[in-house]
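Notes for the one structure printed next.
The values are calculated or read from the model by the stated rules, or taken from the named source; none is laboratory data. Just so it is clear, the model here is predicted, and its values are computed rather than measured. Heads up, the Cβs are rebuilt from the backbone with ideal geometry, glycines too, and the neighbour counts pull from every protein chain shown. Side chains included, ligands, DNA and RNA excluded: accessible areas come from the protein's heavy atoms. Shrake-Rupley method; radii C 1.70, N 1.55, O 1.52, S 1.80 Å.
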Amino acid sequence: MEQQSESSENPLLILIAQQKKRNLSSTFPQAKGWVPPLARYDLFATRIWQSRLVPFYSQLPKWAELICAMRAAHPETGGRTNRRGWNSTEMFVLERPEFADLNSAVRAGCTAALQDMGIGNTVFRLQSWINLHDRGGFNVSHVHEGSLLSGSIYIQVPPGSGSFVLREPRPGVVHGLLKGMVPNGHNDIQLVPEPGLLVIFPCWLEHYVEAHESDTPRITIAFNVSG
């Protein structure tokens, strides 16, 4: 068997040999003052999705009235992470006939998000409940375990509504000096809600809701996408 030369086994030696053969050795950069070209790789990307549900804007006041009536009929709260407010013990709110078109739109949006994740053919269940804040109400920091995606539909967002805050998911970055929306910086994301906004995010992304500062309730329909 013919023995391979050293240069045939080492890509760098092959490159050097080719340069010498073509008499291009003079094209190598000078070491002094040389700035190495950097290839940039953004790792550990976290994607969320948003959509303004424009076709449903006219129905938002009616839905807000319906939800307040649901609260009056069943004032007991589901508890969970909601403080100084009310969330429904009913966990499939979007299955109500009043929300049929909204349910279809949210399911279509979730399917598109799952397609982005490479699992668009997943048959999923949509769990949904009301999250309502009175003045001073908020949600403590939490995640939604055991799901694929989670999300919120903003039904009523009066002035003074607390922001929806997504926590920085990389545990080590908090120890760095750099802060803000820059590469390798630590940054929590404050999402300012608006009526008719749909937000979808990974279920494991820690989040909370800031305190509500209005006498008119802040109302959302929260949901989980489970396989």
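Tabulate in residue order the Karplus-calculated ³J(HN,Hα) for region 146-153, using 6.51 cos²θ - 1.76 cosθ + 1.60 with θ = phi - 60°, rounded to whole Hz; enter x for Gly and Pro.
Result, rounded to whole Hz: x, 10, 9, 9, 9, x, 9, 10.
Sorted from largest to smallest, which semi-axis lengths in Å does the alpha carbon gyration tensor of region 42-95 give for its equivalent ellipsoid, taking the root of 5 times each eigenvalue? Mind showing how you got there, number by number?
Details: eigenvalues 154, 79, 18 Å².
Whole-Å semi-axes of the equivalent ellipsoid: 28, 20, 9.
Given the whole protein assembly as supplied and a 1.4 Å probe, what does the accessible area of Glu76 come to in Å², nearest 10?
90 Å²
What residues qualify as long-range amide H neighbours of Leu191, i.e. H under 5 Å apart, gap of 5 or more or another chain, H built at 1.01 Å from N?
Hits under the 5 Å cutoff: Phe164, Val165, Leu166.
Counting only heavy atoms of protein chains, what accessible area per residue, in Å², does the chain have with a probe of 1.4 Å?
Values: 13960 Å² over 227 residues.
Per residue, the chain has 62 Å² of solvent-accessible surface.
Report the rotationally averaged projected area of region 140-227 based on its alpha-carbon convex hull, in square nanometres. Present the calculation step by step, with values, prior to reporting the outcome.
Details: hull surface 26.5 nm².
Mean orientational projected area (region 140-227, Cα hull): 6.6 nm².
The list (1) 26.2, 88; (2) 19.7, 70; (3) 21.3, 85 gives values of Rg and Dmax of the Cα atoms in Å, and only one came from this structure; which label was calculated from it?
Derived directly from the coordinates: (1).
Order Asp188, Asp116, Asp42, most accessible first, counting only protein heavy atoms with a 1.4 angstrom probe. Mind dumping the intermediate values first?
Working: Asp188 55, Asp116 85, Asp42 145 Å².
The ranking, largest first, comes out as Asp42, Asp116, Asp188.
With θ set to phi - 60° and the Karplus curve 6.51 cos²θ - 1.76 cosθ + 1.60, what are the ³J(HN,Hα) couplings of region 39-47 in order, to the nearest whole Hz, using x for Gly and Pro?
Ordered by residue, 3J(HN,Hα) equals 7, 9, 10, 8, 9, 6, 5, 10, 9 Hz.
Counting Lys +1, Arg +1, Asp -1, Glu -1, what net charge surrounds Arg135 among other residues with beta carbon under 11 Å of its beta carbon? Intermediate values should be presented prior to the final figure.
On the way: positive: Arg84, Arg218; negative: Asp134, Glu213, Asp215.
Residues close to Arg135 contribute a combined charge of -1.
Short version: ³J(HN,Hα) in whole Hz for each residue of region 181-187, in order, from phi by Karplus 6.51 cos²θ - 1.76 cosθ + 1.60 (θ = phi - 60°), x for Gly and Pro, what are they?
3J(HN,Hα) across region 181-187, in whole Hz: 7, 10, x, 6, x, 8, 7.
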